[in-house]
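What follows is a single structure, written as structure tokens, with notes after it.
Throughout, read-outs are computed from the coordinates displayed, never taken from laboratory work. All figures in this text were calculated on a predicted structure; none of them were measured in a lab. Heads up, the Cβs are rebuilt from the backbone with ideal geometry, glycines too, and the neighbour counts pull from every protein chain shown.
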């Protein structure tokens, strides 16, 4: 119950799925969590669920479109004004787009929208998050990438490209901060097939789920909580010597 005690952590896209599970777990482990999402109802529900927990830290909600620079400025400024510090940032917000989407039929508008959220959102989070973390004495950034960063994704071309970009950019931020002595760590997390609202969107039938399940060595789908525990480790001081690396949580798929 103390792995994130006293930390102030911003979790984007926390209105559902992995973001919600992460916000709940961090709060249960003592963090004060700022929950952000474009989905106001979902974000407020996450805060309510955290409020129902016994013990742990608290939470509050801010509406945020992570692809918008003005939203990042507003959210970070508000955290520093209200909480006075920031120790962790989880760049979780992301979208997959229509399924299937091959590079031949995907529109430029779809491509740009996916990259604006999945890549530009992470860039802006690091751009505005790093100074806040540095000014708070250091901290940890966790960028949500995907197993797709290691594989070809012919049915999700823009999504796969975006997650590959997040994987590489994470290393860039990590090395830059380390060389400058900022005491800010940056790592990426790579979920496999996780049953979230977004995951359900690319597995629309029981038959599709069963076909996918057979490709997972451990024989079952992951849950948002499986990913949240990995993020908790990277946010906590337990991972103080870990930066610029990838944590793959995929039931063994990347080992095939």
ask   = Spin-label point model (7 Å from Cα, Cβ direction): what's the residue 212 to residue 39 distance in nm?
value = 1.6
task = Run through every distinct alpha carbon pair of segment 132-256 and return the Kirkwood hydrodynamic radius in angstroms, one decimal place.
result = 15.5
remark   = Taking a crude spin-label model, label points 7 Å out from Cα along the C-beta direction, the residue 179 to residue 65 distance in nm is 3.5
query = Among 67, 16, which comes first, second and so on when ranked by fewest other beta-carbon atoms within 10 Å?
reply = 16, 67
ask   = Taking N as the number of residues in segment 205-245, what value does Rg over Cα atoms divided by 2.2 N^0.38 Å take?
value = 1.67
request  = Let me know the whole percent of all Cα-Cα pairs from the chain that are separated by more than 25 Å.
outcome  = 39
Exposure proxy ranking, count of Cβ atoms within 10 Å, fewest first, for 256, 235 = 256, 235
note = Rh_Kirkwood(segment 1-119) over Cα pairs, Å, one decimal, evaluates to 14.9
query = Can you put 111, 72 in order, fewest other beta carbons within 10 Å first?
reply = 111, 72
request  = Determine the calculated [θ] at 222 nm for the chain from helices alone, applying -39500 (n - 2.57) to every DSSP H run no shorter than 4 residues and normalising by the residue count; nearest 500 deg cm²/dmol.
outcome  = -13000 deg cm²/dmol
key: Degrees between helix 157-179 axis and first principal axis of the chain (Cα, 0 to 90, nearest 10)   = 30
Model label zone, residue 103; criterion: amide N under 18 Å from point 7 Å along Cα-to-beta-carbon; scope segment 142-178 = 148-168
